[in-house]
1. Peptides 298-305, 349-356, 88-95: what's the order by average Cβ count within 10 Å, highest mean first?
2. Which value at 222 nm does the chain reach when only helices count, each DSSP H run of 4 or more adding -39,500 (n - 2.57), with the total divided by all residues and rounded to the nearest 500 deg cm²/dmol?
3. Can you work out D for the chain in µm² s⁻¹ from Stokes-Einstein, where Rh is the Kirkwood radius over C-alpha pairs, the temperature is 4 °C and the viscosity is 1.567 mPa s?
4. Pull up all non-local amide H partners of residue 336: gap of 5 or more, or a different chain, and H-to-H distance under 5 Å with H placed in the peptide plane.
5. Take every Cα-Cα distance within region 97-252, group them into 5 Å bins from 0 onward, and report for each bin the whole-number percent of pairs it holds.
6. What's the ranking of 322-335, 185-198 by average number of surrounding C-beta atoms within 10 Å, highest first?
7. Can you say what percent of the DSSP beta bridges in the chain, counting only those with both residues inside, are antiparallel? Round to 5.
8. Compute, for region 13-61, the length of the dipole vector about the Cα centre, with Cβ point charges of +1 (Lys, Arg) and -1 (Asp, Glu) only. Units Debye, rounded to 20.
Amino acid sequence: MSSTESIREQIQDRYRDQIGRARHEVTTPALLLDLDVARRNIDAMAAKFDELPAKLRPHIKVHKSIELARLSVEAGAVGVACATVWEAVVMARGGIADVLVANQVVQPDKVAALAELAREYRITATVDDVRNVEQLSRAAGETGAQLELLIELDVGMGRCGVRTLEELLPIAERIADLPGVSLRGLQAYEGHCMLEPDPEQRVRDASAANALAVEAADLLIAHGYPVADISAGGTGTYYITGANPRITEVQAGSYSLLDRFHGDLVPGGFEVAMTVLGTVISRQGNTVVLDCGRKAVGIDFVTPPLVGHPEAEIRYYAEEHCLADFPGPPPVDLGDRAEVVAGYGPTTVNLHDVFHVIEADVVTDIWPVNPRGAGPPAFV
């Protein structure tokens, strides 16, 4: 038995007694995945892209699950986008044929892992610096791999990506000159538009970002460089970016599980598929305390609410505690269970080893969260 098989078995055995339990009988705190709802979300987004010129390349940073990635590809996605090399390893080895690392890969261990992965799988990485292109070319040459590259253009986020169109040309030229790498196109992620609560302003902002990406592509094409793909977009802008006839793929991903943050932004048609189950461990007057704090729930951007209890005011999340104040006697008491909708999905999933897969309100399976944390996956 290999070490990865051993670790996977240990994980499965640790949670095996949860299978067959009702969703509110699970040991808490627990990450619950309502598979029926997740499937509906995946199918709903696939149907929306049937009507859009762009293709869907869902970003898996939200769920880090090969099982959910496979469901997305089966529904019509062209591949997946990842945030890290370690996520890409899991996705490629799990059978996803086309994997994009939508991020710069510079640290030597990660560069080596990326090049090794590209020996067997179609792997694309993102660059914004000639020196990184040279680094990736050397690594690809050492392993006999071929890496495809997207040049990242900053379209307003102020994060990674070249800041001017003119900076694209020397990077494209260096890619063309070097072995082991080839230019696939551009990444132009308009993540800054996701935070815009005004839907009309979001359309204007995202459309402006998309127009800059198209201008960049036209510049590269005019200088003889290929632009097969322009990769952009997210769950909050998929319907804007995906409608641009020049954008070829959209990296929306959070729709599959949905969290409170994206639920406030995204047009209708998606449901919350992931929650964190907690147990009331203390009741003091009109306040209840649950055992699902910041070490179990991602509280980024918005405060996670209790499911089915809109009257509850969440006072705060401590490391191990969620404090909920009710206007009168609480409807939940000591030992009762309650579910919390994640404030932000990706930072919630990253806190857990596994999903408790729920079908018809019963745990039917345990799915590992494979590439969690900052380091290499323990198992694939």
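Since every read-out is calculated from the coordinates, none of them should be taken as a lab result. Since the model is a prediction, treat every value here as computed from it, not as a measurement. Quick reminder, even Gly has a Cβ in these numbers, built from the backbone with ideal geometry, and neighbours come from all protein chains shown.
1. Answer by packing, highest mean first, reads 88-95, 349-356, 298-305.
2. -9500 deg cm²/dmol
3. Here the translational diffusion coefficient equals 60 µm²/s.
4. Sorted by chain and number, the residues that satisfy this are 280.
5. 2, 10, 20, 21, 19, 14, 9, 4, 1, 0
6. 185-198, 322-335
7. Bridges in the chain are about 50 percent antiparallel.
8. 200 debye
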